[in-house]
1. Taking 1 over the mean of 1/r across every pair of different Cα atoms in region 1-64, what Kirkwood radius in Å do you get?
2. Based on the mean of other beta carbon atoms within 10 Å per residue, what is the order of 63-70, 79-86, 98-105, 51-58, most packed first?
3. S39: net charge of surrounding residues, Cβ under 15 Å, Lys/Arg +1, Asp/Glu -1, itself excluded?
4. Can you work out the Karplus-derived ³J(HN,Hα) for every residue in region 59-76? Use 6.51 cos²θ - 1.76 cosθ + 1.60 with θ = phi - 60°, whole Hz, and x for glycine or proline.
5. So I have [x] 0.95; [y] 1.01; [z] 1.05, and one of them is Rg/Rh (Cα atoms, Kirkwood Rh) calculated from this model. Which one is it?
6. Treating only the Cβ atoms of Lys and Arg (+1) and Asp and Glu (-1) as charged, compute the dipole magnitude of region 9-110 about its Cα centre; round to the nearest 20 debye.
7. What number of lysine-lysine pairs in the chain show an alpha-carbon separation below 24 angstrom, given a sequence spacing of 8 or more or placement on distinct chains?
Amino acid sequence: MLANIVETLSLDPRYINFGKIKKGSQNQQEILITNKGKSLIAITEISVKPEGLARVSPRDECTLGPGEFKKLVLSINPTKNKGSVYGTLSFHTNLEYLPQNSIRFRAQIIAE
C-alpha cells in the first residue's frame, strides 16, 4: 500500500540561515507561502519568537485559495551581544489537522 502525502500549506524556504550578521545591521529573507490544497486556508496569525529578534512584513491575516501564494519578508536586526541566535516564524491556520506551520531561522551575530 502506497500513500501519497501532499503538503497543504507550503513554506519556502523551510529553514533560514542568515549567516554572519554584524550587531546593529539588518538582513532580510523573502518567504513564499503557497496553498497546495483544494480548499481555502485562512492564516489567522503570524508570529515571531523570540519577540524583538526579527519581524515579518506584511503581518496581517489573509486567506489563500487553492494555488494562491503570498510573499513575505523576514527581517532580522540583532541588537544583542555576539553569538548564535535562533528563532521561529509561525503561521497559525484554520485547518484542524494543521493548526500551525513554522519556519526556523538562525544567525551568528558578530561585533560591529
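1. Values: mean 1/r = 0.0688 Å⁻¹.
For region 1-64, the Kirkwood estimate is 14.5 Å.
2. Working: 63-70: 13.1, 79-86: 10.8, 98-105: 16.5, 51-58: 14.8.
Ranked from most to least packed, the peptides come out as 98-105, 51-58, 63-70, 79-86.
3. Working: positive: K36, K38; negative: E7, E68, E96.
It works out to a net charge of -1.
4. 10, 6, 5, 7, 10, 10, x, x, x, 7, 9, 9, 9, 10, 10, 9, 10, 10
5. [z]
6. Details: 15 positive and 8 negative charges, 134 e Å.
That gives a dipole near 640 debye.
7. 17
Throughout, read-outs are computed from the coordinates displayed, never taken from laboratory work. For clarity, every value in this text was computed on a predicted model and none was experimentally measured. Don't worry about glycine lacking a Cβ; one is built from the backbone with ideal geometry, like all the others, and counts go over all protein chains shown.
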